[in-house]
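Visitor: Sending over a structure as C-alpha coordinates; questions will come in a sec.
The values are calculated or read from the model by the stated rules, or taken from the named source; none is laboratory data. Predicted model, so just to flag it, every value in this text is computed and none were measured. Heads up, the Cβs are rebuilt from the backbone with ideal geometry, glycines too, and the neighbour counts pull from every protein chain shown. In case anyone asks, the SASA skips ligands and DNA or RNA and just uses the protein heavy atoms, side chains included. Shrake-Rupley method; radii C 1.70, N 1.55, O 1.52, S 1.80 Å.
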Amino acid sequence: MATNTPHPLRVRKRPDFEQGGGRLRVVDLFAGCGGLTLGAAQAAHERGVALDVPLAVDFEQAPIDVFSANFPKAHAQRAAVETFFDGDVGAPLTVVETQTAETVGELDLLIGGPPCQGHSNLNNHTRRDDPKNRLYLRMARAAEVLRPRVLVVENVPAVVHDRQQVVEVAREHLTSIGYTVATAVVELVRLGIPQTRRRHIMLAVRADALPQGESVDTILQLGEGAVHDLRWAIQDLENVPPEHWFDKPSRANSENQARIDWLHDNGQFNLPNARRPVCHQGKHSYVSMYGRLSWDQPAQTMTSGFGSMGQGRYVHPSQRRTLTPHEAARIQGFPDYFRFDSTVTRTQLSVIIGNAVPPALSRVLASRLFDAGVLDEGARVTERQVAV
Ligand SMILES: C[S@@+](CC[C@H](N)C(=O)[O-])C[C@H]1O[C@@H](n2cnc3c(N)ncnc32)[C@H](O)[C@@H]1O
(Lines give C-alpha, C1' and ligand atoms only; values in the text may rest on other atoms or scores of the structure.)
Protein backbone atom coordinates (compact mmCIF):
# COMPACT_ATOMS: atom_id res chain seq x y z
CA MET A 1 0.00 0.00 0.00
CA ALA A 2 1.33 3.43 -0.90
CA THR A 3 2.29 5.61 2.00
CA ASN A 4 2.79 9.35 2.19
CA THR A 5 5.57 9.15 4.75
CA PRO A 6 8.67 10.58 3.08
CA HIS A 7 11.75 8.37 2.92
CA PRO A 8 13.79 9.61 5.91
CA LEU A 9 17.04 9.81 3.95
CA ARG A 10 15.54 11.69 0.99
CA VAL A 11 14.21 14.64 2.97
CA ARG A 12 15.77 17.81 1.58
CA LYS A 13 14.37 20.43 3.88
CA ARG A 14 16.16 20.67 7.17
CA PRO A 15 13.78 20.55 10.14
CA ASP A 16 13.90 23.65 12.29
CA PHE A 17 15.77 21.95 15.09
CA GLU A 18 16.17 25.17 17.02
CA GLN A 19 12.42 25.71 17.43
CA GLY A 20 10.39 24.04 20.14
CA GLY A 21 8.77 24.30 23.52
CA GLY A 22 11.43 22.85 25.80
CA ARG A 23 15.13 22.87 25.16
CA LEU A 24 17.63 20.04 24.95
CA ARG A 25 21.09 21.31 25.76
CA VAL A 26 23.80 19.20 24.17
CA VAL A 27 27.60 19.34 24.29
CA ASP A 28 29.38 17.28 21.63
CA LEU A 29 33.11 16.55 22.06
CA PHE A 30 35.28 15.11 19.25
CA ALA A 31 32.23 16.28 17.34
CA GLY A 32 33.32 15.62 13.77
CA CYS A 33 30.64 16.82 11.38
CA GLY A 34 27.98 16.23 14.03
CA GLY A 35 26.44 12.81 13.44
CA LEU A 36 25.72 12.37 17.15
CA THR A 37 24.31 15.89 17.48
CA LEU A 38 22.07 15.33 14.47
CA GLY A 39 20.54 12.22 16.04
CA ALA A 40 19.89 14.04 19.32
CA ALA A 41 18.36 16.94 17.36
CA GLN A 42 16.07 14.56 15.47
CA ALA A 43 14.85 12.90 18.67
CA ALA A 44 14.21 16.28 20.30
CA HIS A 45 12.44 17.64 17.22
CA GLU A 46 10.09 14.63 17.13
CA ARG A 47 8.97 15.74 20.60
CA GLY A 48 8.75 19.45 19.84
CA VAL A 49 11.88 20.16 21.87
CA ALA A 50 14.46 22.65 20.59
CA LEU A 51 18.16 21.91 20.28
CA ASP A 52 20.73 24.12 21.96
CA VAL A 53 24.45 23.35 21.58
CA PRO A 54 26.47 25.53 23.95
CA LEU A 55 29.68 23.75 22.92
CA ALA A 56 30.88 21.41 20.17
CA VAL A 57 34.61 20.75 19.79
CA ASP A 58 36.81 19.19 17.16
CA PHE A 59 40.40 20.09 16.38
CA GLU A 60 40.03 19.80 12.60
CA GLN A 61 38.72 22.75 10.63
CA ALA A 62 36.93 20.76 7.92
CA PRO A 63 34.52 18.83 10.19
CA ILE A 64 33.90 21.94 12.28
CA ASP A 65 32.94 23.82 9.13
CA VAL A 66 30.44 21.10 8.23
CA PHE A 67 29.13 21.07 11.81
CA SER A 68 28.66 24.85 11.77
CA ALA A 69 26.96 24.79 8.37
CA ASN A 70 24.41 22.30 9.67
CA PHE A 71 24.00 23.73 13.16
CA PRO A 72 24.55 27.46 12.63
CA LYS A 73 23.40 28.41 16.13
CA ALA A 74 25.78 25.97 17.85
CA HIS A 75 28.97 27.20 19.47
CA ALA A 76 31.24 24.94 17.45
CA GLN A 77 34.89 25.44 18.26
CA ARG A 78 37.98 24.31 16.44
CA ALA A 79 40.18 23.27 19.35
CA ALA A 80 41.56 20.29 21.19
CA VAL A 81 39.11 18.91 23.74
CA GLU A 82 41.95 19.03 26.27
CA THR A 83 42.00 22.82 26.08
CA PHE A 84 38.52 22.91 27.65
CA PHE A 85 39.07 19.98 30.02
CA ASP A 86 42.67 20.05 31.18
CA GLY A 87 42.46 18.53 34.65
CA ASP A 88 43.07 14.97 35.78
CA VAL A 89 40.14 12.70 36.41
CA GLY A 90 39.20 13.09 40.08
CA ALA A 91 41.24 16.27 40.63
CA PRO A 92 39.70 19.62 41.63
CA LEU A 93 38.52 21.67 38.63
CA THR A 94 41.16 23.79 36.96
CA VAL A 95 40.61 27.46 36.22
CA VAL A 96 39.90 26.61 32.58
CA GLU A 97 37.42 23.90 33.53
CA THR A 98 35.59 26.17 35.97
CA GLN A 99 35.23 28.66 33.15
CA THR A 100 34.04 25.96 30.74
CA ALA A 101 31.41 24.81 33.25
CA GLU A 102 30.19 28.38 33.76
CA THR A 103 29.88 29.15 30.09
CA VAL A 104 28.15 25.88 29.23
CA GLY A 105 25.71 26.09 32.14
CA GLU A 106 23.03 23.51 32.84
CA LEU A 107 23.47 20.52 30.55
CA ASP A 108 21.21 17.67 29.52
CA LEU A 109 23.36 15.56 27.25
CA LEU A 110 27.12 15.23 26.86
CA ILE A 111 28.02 13.13 23.84
CA GLY A 112 31.28 12.18 22.23
CA GLY A 113 33.08 9.73 20.04
CA PRO A 114 36.78 10.03 20.90
CA PRO A 115 39.12 8.83 18.15
CA CYS A 116 39.30 5.10 18.09
CA GLN A 117 42.13 4.12 15.74
CA GLY A 118 44.13 2.84 18.68
CA HIS A 119 41.37 0.39 19.55
CA SER A 120 40.33 -0.73 16.15
CA ASN A 121 40.72 -4.38 15.25
CA LEU A 122 41.79 -3.14 11.84
CA ASN A 123 44.97 -1.90 13.47
CA ASN A 124 47.97 -3.66 14.83
CA HIS A 125 47.37 -4.94 18.35
CA THR A 126 50.23 -2.89 19.72
CA ARG A 127 48.12 0.15 19.04
CA ARG A 128 45.95 -0.81 21.97
CA ASP A 129 48.51 1.22 23.91
CA ASP A 130 47.93 4.24 21.70
CA PRO A 131 47.97 7.46 23.77
CA LYS A 132 44.86 8.49 21.82
CA ASN A 133 43.00 5.92 23.87
CA ARG A 134 43.40 8.21 26.86
CA LEU A 135 41.10 10.67 25.14
CA TYR A 136 38.29 8.33 26.17
CA LEU A 137 38.89 9.48 29.74
CA ARG A 138 38.46 13.12 28.68
CA MET A 139 34.78 12.26 28.32
CA ALA A 140 34.64 11.12 31.96
CA ARG A 141 36.49 14.26 33.00
CA ALA A 142 34.12 16.43 30.98
CA ALA A 143 31.19 14.78 32.78
CA GLU A 144 32.85 15.57 36.09
CA VAL A 145 33.21 19.20 35.04
CA LEU A 146 29.83 19.75 33.36
CA ARG A 147 27.65 17.37 35.41
CA PRO A 148 25.20 16.60 32.57
CA ARG A 149 22.06 14.59 33.18
CA VAL A 150 23.35 12.05 30.66
CA LEU A 151 26.72 11.09 29.21
CA VAL A 152 27.04 8.99 26.05
CA VAL A 153 30.46 7.81 24.85
CA GLU A 154 30.68 6.03 21.52
CA ASN A 155 33.60 3.89 20.39
CA VAL A 156 34.64 0.72 18.59
CA PRO A 157 33.82 -2.60 20.32
CA ALA A 158 37.56 -3.32 20.76
CA VAL A 159 37.85 -0.40 23.19
CA VAL A 160 37.28 -2.94 25.98
CA HIS A 161 40.68 -4.49 25.16
CA ASP A 162 42.57 -1.28 25.79
CA ARG A 163 45.61 -1.92 27.97
CA GLN A 164 44.84 1.08 30.15
CA GLN A 165 41.30 -0.24 30.62
CA VAL A 166 39.83 3.13 29.82
CA VAL A 167 36.27 1.83 29.88
CA GLU A 168 36.62 0.37 33.37
CA VAL A 169 38.48 3.42 34.67
CA ALA A 170 35.77 5.70 33.28
CA ARG A 171 33.00 3.51 34.70
CA GLU A 172 34.51 3.48 38.18
CA HIS A 173 35.07 7.19 38.17
CA LEU A 174 31.59 8.03 36.92
CA THR A 175 30.06 5.73 39.52
CA SER A 176 32.10 7.42 42.25
CA ILE A 177 30.72 10.82 41.27
CA GLY A 178 27.09 9.72 41.30
CA TYR A 179 26.33 8.30 37.87
CA THR A 180 24.73 4.98 37.04
CA VAL A 181 26.63 3.42 34.17
CA ALA A 182 25.81 0.80 31.56
CA THR A 183 27.77 -0.36 28.53
CA ALA A 184 26.73 -2.35 25.48
CA VAL A 185 27.79 -3.20 21.97
CA VAL A 186 25.10 -2.01 19.60
CA GLU A 187 24.45 -3.47 16.15
CA LEU A 188 23.65 -0.41 14.07
CA VAL A 189 21.83 -2.48 11.50
CA ARG A 190 19.15 -3.03 14.16
CA LEU A 191 18.67 0.74 14.36
CA GLY A 192 17.70 1.02 10.70
CA ILE A 193 21.20 1.78 9.40
CA PRO A 194 21.87 -0.20 6.20
CA GLN A 195 25.33 -1.10 7.44
CA THR A 196 26.84 -3.89 9.51
CA ARG A 197 28.60 -1.59 11.94
CA ARG A 198 28.94 -2.38 15.63
CA ARG A 199 29.68 0.26 18.23
CA HIS A 200 30.51 0.22 21.92
CA ILE A 201 28.35 2.61 23.92
CA MET A 202 28.77 3.82 27.46
CA LEU A 203 25.65 5.42 28.94
CA ALA A 204 25.87 7.20 32.27
CA VAL A 205 22.88 8.86 33.93
CA ARG A 206 23.16 11.25 36.88
CA ALA A 207 21.50 9.72 39.94
CA ASP A 208 18.92 12.49 40.38
CA ALA A 209 17.94 12.31 36.66
CA LEU A 210 17.00 8.63 36.72
CA PRO A 211 13.30 8.22 37.53
CA GLN A 212 12.49 5.55 40.08
CA GLY A 213 11.96 2.17 38.46
CA GLU A 214 14.03 3.01 35.38
CA SER A 215 17.19 1.08 34.65
CA VAL A 216 20.16 2.36 32.67
CA ASP A 217 20.85 -1.16 31.40
CA THR A 218 17.30 -1.42 30.06
CA ILE A 219 17.47 1.99 28.40
CA LEU A 220 20.63 0.89 26.61
CA GLN A 221 18.99 -2.20 25.16
CA LEU A 222 18.64 -0.70 21.70
CA GLY A 223 17.76 -2.24 18.47
CA GLU A 224 14.56 -3.99 17.63
CA GLY A 225 13.98 -1.93 14.51
CA ALA A 226 13.51 -3.01 10.89
CA VAL A 227 16.66 -4.00 9.02
CA HIS A 228 17.18 -2.01 5.84
CA ASP A 229 19.15 -3.15 2.84
CA LEU A 230 21.26 -1.09 0.48
CA ARG A 231 18.41 -0.74 -2.02
CA TRP A 232 16.39 1.14 0.59
CA ALA A 233 19.21 3.59 1.18
CA ILE A 234 20.61 4.41 -2.24
CA GLN A 235 18.67 2.93 -5.13
CA ASP A 236 17.24 6.32 -6.14
CA LEU A 237 20.84 7.58 -6.62
CA GLU A 238 21.75 4.78 -9.02
CA ASN A 239 21.69 6.94 -12.14
CA VAL A 240 22.13 10.43 -10.75
CA PRO A 241 24.40 12.25 -13.22
CA PRO A 242 27.81 12.94 -11.67
CA GLU A 243 27.46 16.67 -12.23
CA HIS A 244 27.83 17.67 -8.64
CA TRP A 245 30.99 16.65 -6.77
CA PHE A 246 28.86 14.99 -4.09
CA ASP A 247 27.52 12.54 -6.71
CA LYS A 248 30.82 11.97 -8.46
CA PRO A 249 32.56 8.63 -7.82
CA SER A 250 36.34 8.38 -7.52
CA ARG A 251 38.06 7.48 -10.76
CA ALA A 252 39.48 3.95 -10.57
CA ASN A 253 42.91 3.26 -12.06
CA SER A 254 42.90 0.98 -15.09
CA GLU A 255 43.66 -2.18 -13.07
CA ASN A 256 40.86 -1.58 -10.63
CA GLN A 257 38.45 -0.59 -13.41
CA ALA A 258 39.21 -3.95 -15.05
CA ARG A 259 38.44 -5.68 -11.74
CA ILE A 260 35.15 -3.77 -11.41
CA ASP A 261 34.23 -4.72 -14.97
CA TRP A 262 35.07 -8.36 -14.26
CA LEU A 263 32.76 -8.46 -11.23
CA HIS A 264 29.89 -7.03 -13.26
CA ASP A 265 30.53 -9.03 -16.43
CA ASN A 266 30.60 -12.26 -14.45
CA GLY A 267 27.79 -11.50 -11.99
CA GLN A 268 30.25 -11.93 -9.10
CA PHE A 269 30.50 -10.18 -5.73
CA ASN A 270 33.90 -11.44 -4.51
CA LEU A 271 37.05 -11.00 -6.55
CA PRO A 272 39.03 -14.24 -6.95
CA ASN A 273 42.60 -14.19 -5.65
CA ALA A 274 44.07 -14.50 -9.13
CA ARG A 275 42.57 -11.11 -10.06
CA ARG A 276 43.82 -9.34 -6.96
CA PRO A 277 47.15 -7.60 -6.45
CA VAL A 278 49.98 -10.03 -5.73
CA CYS A 279 49.92 -9.35 -1.98
CA HIS A 280 46.35 -10.70 -1.86
CA GLN A 281 46.99 -13.80 -3.91
CA GLY A 282 48.03 -16.08 -1.07
CA LYS A 283 45.95 -16.96 1.96
CA HIS A 284 44.23 -13.86 3.34
CA SER A 285 41.16 -12.85 5.27
CA TYR A 286 40.26 -9.82 3.19
CA VAL A 287 37.39 -11.42 1.27
CA SER A 288 35.32 -8.25 1.21
CA MET A 289 38.13 -6.10 -0.20
CA TYR A 290 37.78 -5.64 -3.94
CA GLY A 291 34.21 -6.82 -3.51
CA ARG A 292 30.92 -5.64 -4.92
CA LEU A 293 27.95 -4.68 -2.77
CA SER A 294 24.61 -6.42 -2.96
CA TRP A 295 21.30 -4.55 -3.20
CA ASP A 296 19.59 -6.99 -0.88
CA GLN A 297 21.95 -6.72 2.06
CA PRO A 298 23.23 -3.96 4.30
CA ALA A 299 26.64 -2.55 3.36
CA GLN A 300 29.75 -3.31 5.37
CA THR A 301 31.15 -0.61 7.67
CA MET A 302 31.69 2.68 5.82
CA THR A 303 35.19 4.04 6.25
CA SER A 304 36.96 6.93 4.58
CA GLY A 305 38.01 4.35 1.95
CA PHE A 306 34.53 4.02 0.41
CA GLY A 307 35.82 5.40 -2.89
CA SER A 308 38.45 2.70 -3.31
CA MET A 309 37.74 -0.95 -4.05
CA GLY A 310 41.04 -1.93 -2.42
CA GLN A 311 39.81 -0.69 0.94
CA GLY A 312 36.66 -2.72 1.29
CA ARG A 313 33.48 -3.91 -0.40
CA TYR A 314 32.69 -0.61 -2.03
CA VAL A 315 31.87 -1.44 -5.67
CA HIS A 316 28.33 -0.35 -6.52
CA PRO A 317 25.80 -3.20 -6.94
CA SER A 318 24.73 -2.20 -10.46
CA GLN A 319 27.14 0.50 -11.64
CA ARG A 320 30.75 0.07 -12.76
CA ARG A 321 32.18 2.30 -10.08
CA THR A 322 32.65 2.62 -6.32
CA LEU A 323 30.25 4.50 -4.04
CA THR A 324 29.85 8.24 -4.34
CA PRO A 325 30.14 10.51 -1.28
CA HIS A 326 26.36 11.00 -1.45
CA GLU A 327 25.76 7.24 -1.31
CA ALA A 328 28.26 6.78 1.53
CA ALA A 329 26.60 9.59 3.50
CA ARG A 330 23.20 7.95 2.99
CA ILE A 331 24.58 4.59 4.15
CA GLN A 332 25.82 6.38 7.26
CA GLY A 333 22.23 7.57 7.74
CA PHE A 334 22.62 11.25 6.81
CA PRO A 335 19.46 12.66 5.18
CA ASP A 336 19.83 14.78 2.07
CA TYR A 337 19.26 17.98 4.04
CA PHE A 338 22.59 17.50 5.81
CA ARG A 339 25.08 19.69 3.94
CA PHE A 340 28.68 18.72 3.28
CA ASP A 341 29.28 21.61 0.82
CA SER A 342 31.75 23.45 3.00
CA THR A 343 34.31 20.68 2.56
CA VAL A 344 37.22 21.75 0.38
CA THR A 345 38.90 18.53 -0.73
CA ARG A 346 37.64 15.11 -1.65
CA THR A 347 39.92 13.48 0.93
CA GLN A 348 38.50 15.69 3.69
CA LEU A 349 35.00 14.79 2.58
CA SER A 350 35.76 11.06 2.63
CA VAL A 351 37.34 11.29 6.09
CA ILE A 352 34.43 13.30 7.46
CA ILE A 353 31.83 10.88 6.13
CA GLY A 354 33.84 7.79 7.14
CA ASN A 355 34.51 9.13 10.66
CA ALA A 356 30.93 10.09 11.29
CA VAL A 357 28.74 8.30 13.75
CA PRO A 358 25.39 7.31 12.20
CA PRO A 359 22.84 9.73 13.68
CA ALA A 360 20.38 6.88 14.27
CA LEU A 361 22.48 5.83 17.23
CA SER A 362 21.90 9.00 19.23
CA ARG A 363 18.36 9.43 17.83
CA VAL A 364 17.23 6.05 19.14
CA LEU A 365 19.10 6.43 22.41
CA ALA A 366 17.84 9.98 23.04
CA SER A 367 14.30 8.83 22.24
CA ARG A 368 14.59 6.13 24.86
CA LEU A 369 15.95 8.65 27.34
CA PHE A 370 12.97 10.93 26.66
CA ASP A 371 10.56 8.00 26.99
CA ALA A 372 12.12 7.00 30.30
CA GLY A 373 11.81 10.57 31.59
CA VAL A 374 15.58 10.97 31.93
CA LEU A 375 15.54 13.72 29.35
CA ASP A 376 12.80 16.20 29.94
CA GLU A 377 10.26 17.05 27.24
CA GLY A 378 8.81 19.74 29.47
CA ALA A 379 9.21 23.44 29.18
CA ARG A 380 12.60 23.79 30.82
CA VAL A 381 13.46 26.82 28.80
CA THR A 382 16.93 27.94 29.75
CA GLU A 383 18.54 30.61 27.69
CA ARG A 384 22.17 30.04 26.87
CA GLN A 385 24.06 31.73 29.63
CA VAL A 386 27.30 33.11 28.31
CA ALA A 387 28.53 32.36 24.84
CA VAL A 388 31.66 30.21 24.81
C1 LIG B 1 35.22 9.41 15.27
S2 LIG B 1 35.31 11.07 14.85
C3 LIG B 1 33.88 11.70 15.62
C4 LIG B 1 32.61 11.61 14.84
C5 LIG B 1 31.47 12.37 15.45
N6 LIG B 1 31.26 12.02 16.83
C7 LIG B 1 30.16 12.23 14.69
O8 LIG B 1 29.16 11.95 15.32
O9 LIG B 1 30.11 12.42 13.48
C10 LIG B 1 36.57 11.67 15.94
C11 LIG B 1 36.86 13.15 15.77
O12 LIG B 1 37.71 13.56 16.84
C13 LIG B 1 38.54 14.60 16.37
N14 LIG B 1 39.66 14.67 17.34
C15 LIG B 1 40.63 13.76 17.55
N16 LIG B 1 41.41 14.12 18.60
C17 LIG B 1 40.89 15.28 19.07
C18 LIG B 1 41.22 16.14 20.15
N19 LIG B 1 42.23 15.87 20.97
N20 LIG B 1 40.46 17.25 20.35
C21 LIG B 1 39.44 17.53 19.51
N22 LIG B 1 39.07 16.75 18.48
C23 LIG B 1 39.78 15.65 18.27
C24 LIG B 1 38.89 14.20 14.96
O25 LIG B 1 39.23 15.34 14.20
C26 LIG B 1 37.57 13.54 14.50
O27 LIG B 1 36.78 14.44 13.78
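Visitor: Take A91 and decide whether it is touching a residue at least 12 places away in the same chain (Cβ under 8 Å), in the same structural domain as L191 (by TED's automatic domain parsing) and either open to solvent by 10 Å² or more (accessible area, probe 1.4 Å) or within 9 Å of the ligand (Cβ to nearest atom) (or both).
Guide: The answer is no for A91.
Visitor: Suppose the filter is open to solvent by 10 Å² or more (accessible area, probe 1.4 Å), at positive phi and touching a helix residue (DSSP H, G or I) at 6+ places or on another chain (Cβ under 7 Å); does G213 pass it? Explain how you work it out, then say what you get.
Guide: On the way: open to solvent by 10 Å² or more (accessible area, probe 1.4 Å): yes; at positive phi: yes; touching a helix residue (DSSP H, G or I) at 6+ places or on another chain (Cβ under 7 Å): no.
The answer is no for G213.
Visitor: Determine whether E238 is at pLDDT 95 or above and more than 22 Å from D371 (Cβ to Cβ).
Guide: yes
Visitor: Considering only residues that are closer than 21 Å to L375 by Cα and not in a strand (DSSP E or B), which ones fall in the stretch 172-208?
Guide: If the condition is that a residue be closer than 21 Å to L375 by Cα and not in a strand (DSSP E or B), then L174, T175, I177, G178, L191, A207, D208 are the ones that fit.
Visitor: Something else now. Could you run through the stretch 52-73 and say how many residues are under 21 Å from R147 (Cβ atoms) and within 18 Å of the chain's Cα centre (by Cα)?
Guide: Counting residues in the stretch 52-73 that are under 21 Å from R147 (Cβ atoms) and within 18 Å of the chain's Cα centre (by Cα) gives 4.
Visitor: OK, next. Answer yes or no as to whether Q235 is part of a helix (DSSP H, G or I) and open to solvent by 40 Å² or more (accessible area, probe 1.4 Å).
Guide: yes
Visitor: Return only the number of the condition from (1) open to solvent by 10 Å² or more (accessible area, probe 1.4 Å); (2) within 16 Å of the chain's Cα centre (by Cα) that D336 does not satisfy.
Guide: (2)
Visitor: Looking at the stretch 295-308, can you tell me whether even one residue there is within 16 Å of the ligand (Cβ to nearest atom), in the same structural domain as M202 (by TED's automatic domain parsing) and at pLDDT 95 or above?
Guide: Just the residues of the stretch 295-308 that are within 16 Å of the ligand (Cβ to nearest atom), to begin with: 301-306.
Subsequent filtering for residues that are in the same structural domain as M202 (by TED's automatic domain parsing) retains none.
Taking every residue of the stretch 295-308 in turn, none turns out to be within 16 Å of the ligand (Cβ to nearest atom), in the same structural domain as M202 (by TED's automatic domain parsing) and at pLDDT 95 or above.
Visitor: Among the candidates A79, A69, which residue alone is loosely packed, with under 15 Cβ neighbours inside 10 Å and in the same structural domain as E144 (by TED's automatic domain parsing)?
Guide: Result of the check over A79, A69: A79.
Visitor: Still on this structure, please answer the following. Any residue in the stretch 355-377 that is crowded, with 20+ Cβ neighbours inside 10 Å, in contact with a Lys or Arg (Cβ under 8 Å, 6 or more places away or on another chain) and farther than 16 Å from R198 by Cα?
Guide: yes
Visitor: Then there is this: On the basis of being among the aliphatic types (A, V, I, L, M), out of contact with any strand residue (DSSP E or B) (no Cβ under 6 Å at 6 or more places or on another chain) and under 21 Å from T301 (Cβ atoms), does A158 make the cut?
Guide: Numbers: among the aliphatic types (A, V, I, L, M): yes; out of contact with any strand residue (DSSP E or B) (no Cβ under 6 Å at 6 or more places or on another chain): yes; under 21 Å from T301 (Cβ atoms): yes.
Here the answer is yes, as A158 does meet what is asked.
Visitor: Which residues, taken from the stretch 39-65, are touching a residue at least 40 places away in the same chain (Cβ under 8 Å) and near the ligand (Cβ under 9 Å from one of its atoms)?
Guide: Across the stretch 39-65, the qualifying residues are G39, A62, P63.
Visitor: Let me ask something else about it. Which ones in the stretch 183-208 are free of Cβ contacts under 8 Å to residues at least 40 places away in the same chain and closer than 28 Å to P92 by Cβ?
Guide: T183, A207, D208
Visitor: A follow-up question, please. Looking only at the stretch 245-274, which residues are within 24 Å of T347 (Cα to Cα) and free of Cβ contacts under 8 Å to residues at least 40 places away in the same chain?
Guide: Answer for the stretch 245-274, where residues must be within 24 Å of T347 (Cα to Cα) and free of Cβ contacts under 8 Å to residues at least 40 places away in the same chain: R251, N253, S254, E255, A258.
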